[in-house]
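Student: Before I ask anything, let me first share the structure, which is written out below as structure tokens.
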Amino acid sequence: MIVPFWASKPRPIRRYRNIVIKAPCNLRCTYCEVKKARIDVEKTIASVGRIIDRFRPADTLLRVEADGEISLYPPIIDYLAERAVRDGYRIEVLTNGTRLPQCLRDGLRWVISVDGHTAAMNSKRGLKQAQIDVILEHAARLSADLQCVYHGQSVEEMNGFIEALERLSFKGRLHLLPLLALGGRPLEVHLDYAQLRKAPFLERKEYFDRWDHIVKHGRRGDFVCDQIVNGFNYYVSDDHIEMVKCDCYAPPPGYTVKGLHDELEYDNFPCGTCLSHQEFNNRRPSMDL
């Protein structure tokens, strides 16, 4: 596989490692499967610790999240904060924001999922306006990254969202993620970059160019996601750990490894039609060494 110049590591950066905990969720997003997992918190913390111990604080960015909602488990958040403060790990936590500000801990970075600034835009997530206001208030104060699933909100709504973040002096990043098309199917939603209100926290134009290509051709082109260049995924289910280069939202058989082993790299990873926050992950300032 030839890695184009824009997919290479542009400067000294951290390794990116994503730890995903199998856990239930307190939302019932209509575009997401219902998470009913039960977890053993002590075993989960031990497993997460085993993974963290593989990496040096000086050169790794860890993202920890749940295949559900991590803030439902304060002891896990406490443990991550302890590792960040005591050992110097750079750890960002992905949350749906419904437990803000109670879930906040010193030493952690935050990534928050929200689909806009209004209840109408978040109808598929079931959020009320008061919850959204709290989420955006804290996102601005924390300079958090926002992940917004684009499922067909109007351009006017999206521009209103961008303008609302500007009014809040938002300094994080806004990731607009097209609704997933599982099983390698083409993306079904499209967002025209030319019609979007431009802001410094918006994804670069190249991101939308890739989105356009996938919609038009029903497949990814020769562009390589930064997850393949510089990332790896770990899944935790109590004391069970699995590893996969990228979950691709549906990893092909044979690419997921049970247990902790050496990380496997691939000349040609069978990417689907997904487009996510990882696409230009290496360019984020939080990845700087």
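The values are calculated or read from the model by the stated rules, or taken from the named source; none is laboratory data. Predicted model only: the values in this text are computed from it and were never measured. Glycine also receives a Cβ, built like all others from the backbone with ideal geometry; neighbour counts cover every protein chain displayed. Just the protein is used for accessible areas: all its heavy atoms, side chains included, with ligands, DNA and RNA removed. Shrake-Rupley method; radii C 1.70, N 1.55, O 1.52, S 1.80 Å.
Student: Give the list, by residue number, of cysteines in the chain with no other Cys Cβ closer than 4.7 Å, or say none.
Tutor: Cys25, Cys103, Cys148, Cys225, Cys246, Cys248, Cys271, Cys274
Student: In the stretch 207-257, if every C-alpha pair distance is counted and binned at 10 Å from zero, what percent goes to each bin?
Tutor: Percent of Cα pairs in each bin: 21, 42, 27, 10, 1.
Student: Using every alpha carbon pair in the stretch 49-142, what percent of pairs falls into each 10 Å bin from 0 up to the bin containing the largest distance?
Tutor: 16, 45, 27, 11, 1
Student: Just to be sure I understand, if you calculate percent of Cα pairs over 22 Å apart for this structure, which of (1) 65; (2) 59; (3) 55 do you get?
Tutor: Here percent of Cα pairs over 22 Å apart agrees with entry (2).
Student: Please build a GNM for the chain, connecting alpha carbons under 10 Å apart, and tell me which residue among Ala139, Ala58, Ala66 fluctuates the most.
Tutor: The residue with the greatest mean-square fluctuation here is Ala58.
Student: Just subtract the alpha-carbon distance of Arg11 and Tyr31 from 0.36 nm times their residue separation and send over the number in nm, one decimal. Walk me through the intermediate numbers first.
Tutor: Details: separation 20, 0.36 × 20 = 7.20 nm, distance 3.65 nm.
Taking Arg11 through Tyr31 to full extension adds about 3.6 nm, to one decimal.
Student: Once both labels are modelled 7 Å past Cα along the beta-carbon direction, what's the Arg185-Ala58 spacing in nm?
Tutor: For the pair Arg185/Ala58, the computed spacing is 4.9 nm.
Student: Could you pull out which residues in the stretch 104-125 have an amide N less than 16 Å from a spot 7 Å beyond the Cα of Arg167, following the Cα-Cβ vector?
Tutor: Flagged as within label range: 116-121.
Student: Are there any helices in the chain, counted as whole DSSP H runs, that stretch 15 Å or more along their axis by Cα and score at least -0.5 on average by Kyte-Doolittle, and if so which?
Tutor: Numbers: long enough: 41-52 (16 Å, 0.82); 74-87 (19 Å, -0.24); 129-142 (20 Å, 0.32); 155-167 (18 Å, -0.26); 205-217 (18 Å, -1.53).
Correct list, ordered by number: 41-52, 74-87, 129-142, 155-167.
Student: Ok, one more. Which value at 222 nm does the chain reach when only helices count, each DSSP H run of 4 or more adding -39,500 (n - 2.57), with the total divided by all residues and rounded to the nearest 500 deg cm²/dmol? Write out the running numbers ahead of the final one.
Tutor: Values: 6 runs with 71 residues, N = 289.
When only DSSP H runs of four or more count, the value is -7500 deg cm²/dmol.
Student: Averaged per residue, what accessible surface does the stretch 16-283 expose to a 1.4 Å probe, in Å²?
Tutor: Values: 11830 Å² over 268 residues.
Result: 44 Å² per residue.
Student: Here's another thing I want to ask about it. Provide, in order from the shortest bin, the percent of all Cα-Cα pairs of the stretch 111-243 in each 5 Å bin, continuing until the bin that contains the maximum pair distance.
Tutor: 2, 9, 17, 20, 18, 15, 12, 6, 1, 0
Student: Size of the dipole of the stretch 16-283 about the Cα centre, Lys and Arg at +1 and Asp and Glu at -1 on the beta carbon, nothing else charged, in debye to 20?
Tutor: Numbers: 36 positive and 38 negative charges, 58 e Å.
It comes to approximately 280 debye.
Student: While we're here: Ignoring ligands, DNA and RNA, what percent of the 1.4 Å accessible area of the chain is carbon and sulfur?
Tutor: On the way: 6700 of 13220 Å².
Of all accessible area on the chain, carbon and sulfur atoms account for 51 percent.
Student: Additional query: Report the one residue of Ile132, Leu142, Tyr266 whose Cα lies farthest in the direction of the positive end of the charge dipole of the chain (charges on C-beta: Lys and Arg +1, Asp and Glu -1; origin at the Cα centre).
Tutor: Leu142
Student: Now for a separate question. Between Leu275, Leu196, Leu180, which gets the highest mean-square fluctuation from a Gaussian network model of the chain, Cα cutoff 10 Å?
Tutor: It is Leu196.
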